[in-house]
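Notes follow the structure.
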Amino acid sequence: MTDHSPDALAALWRARRPSGPPVAHTFRSTYADRWVRFHSLPGSKRYPESEDEYAVALHRYNTVLDELFAHRDVYVVTSDWSWAPDGPAVFPTRQRESHPDGAHWWTESDEEDPDPALHTYTRFYAYRRPWRSGRVDALLRAVADEALVEVFVTDTELRRIHHPYDGGADVVLATPGERDGLRDRHVDWLSPHPSGL
């Protein structure tokens, strides 16, 4: 990671995103006024089943990523989780394989359960790189297969966030107006449900 050490990136997150930790599945509720969801396949199909469907999903992911991050550096963020802050990952994921250069920059604990044996720790890893379409296709493909979760891409100022998941992407923009513009350019990729899910 260049320019921002892990500690500096964590401090920047706290300053720019004080509403909550970098837990990607919470972004749609935490930033609801600037959030939009795009589906990765026609008919809101969740998982690709052929190379043609992977091509459609990757095209949709990369089209939005290009609009957000063309000619910018980004942080690519992945995660794993454990029963202890420094313990081994509970379910070996493709995190290290898909994101080997990621530096650990945040650990989020979940200690709500009264039984300490059920406390979990989600660890986030980031790597800074110039954005280029197709650069994270292996990662996006793993996300589409639900082999990786809690992945997101953000600019180095943490103003825009793209959180791909199996079935689509949650996107957080800098302003509601920017969100509306992006949403209106890709209306065919939106859910027909009034909630946008």
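The values are calculated or read from the model by the stated rules, or taken from the named source; none is laboratory data. Note that the coordinates shown come from a computational prediction; the quantities given were computed from them, not determined experimentally. Backbone-built Cβ (ideal geometry, glycine too); neighbour counts: all protein chains shown. Note: accessible area is taken over every heavy atom of the protein model, side chains too, but ligands, DNA and RNA are not part of it. Shrake-Rupley method; radii C 1.70, N 1.55, O 1.52, S 1.80 Å.
Compute the helix-to-body angle for 51-69: its Cα long axis versus the longest principal axis of the chain, expressed 0 to 90° and rounded to tens.
Compared with the principal axis, the helix lies near 80 degrees.
Please give the helix 6-16 orientation as an angle from the longest Cα principal axis of the chain, in degrees from 0 to 90, rounded to the nearest 10.
Once rounded, the angle reads 60 degrees.
Mind giving me the FRET efficiency for Thr30 and Val56? R0 is 41 Å, r the Cβ-Cβ distance, nearest 0.05 is fine.
On the way: r = 29 Å, r/R0 = 0.71.
About 0.90, to the nearest 0.05.
Want the number for Val187 to Leu12: 0.36 nm per residue separation, take away the alpha-carbon distance, what's left? Don't jump to the answer; show the numbers that get you there.
Values: separation 175, 0.36 × 175 = 63.00 nm, distance 3.27 nm.
Length gained, Val187 through Leu12: 59.7 nm.
Once all Cα-Cα distances of the chain are split into 10 Å bins that start at 0, what whole-number percent is in each one?
9, 36, 37, 16, 2
If Lys and Arg each add +1 and Asp and Glu each add -1, what is the summed charge of the other residues whose beta carbon sits under 10 Å from the beta carbon of Thr122?
So the environment of Thr122 carries a net charge of -3.
Counting only protein heavy atoms and a 1.4 Å probe, tell me what percentage of the chain's accessible area is made up of carbon and sulfur.
On the way: 4930 of 9750 Å².
Summing carbon and sulfur atoms, their accessible area is 51 percent of the total for the chain.
Report the calculated FRET efficiency for Asp73 and Lys45 (r = Cβ-Cβ distance, R0 = 35 Å), to the nearest 0.05.
0.60
Along the Cα-to-Cβ line of His104, 7 Å from the Cα, sits a label point; which residues in the stretch 51-83 have backbone N less than 16 Å from it?
78-83
How many nm separate the modelled label positions at Ser82 and Thr156, each set 7 Å beyond the Cα in the direction of the Cβ?
3.0 nm
GluC sites (Glu not before Pro), restricted to the stretch 1-90: which are DSSP loop and have at most 14 other Cβ atoms within 10 Å?
When the GluC sites (Glu not before Pro) of the stretch 1-90 are filtered for loop state and at most 14 Cβ neighbours within 10 Å, Glu49 remain.
At 1.4 Å probe size, with every protein chain present, just tell me what the per residue accessible area of the chain comes to in Å².
49 Å²
Under 5 Å between amide hydrogens, which residues at least 5 positions from Ser191 or on another chain qualify, with H placed 1.01 Å from N in the peptide plane?
Long-range HN contacts for Ser191: His39.
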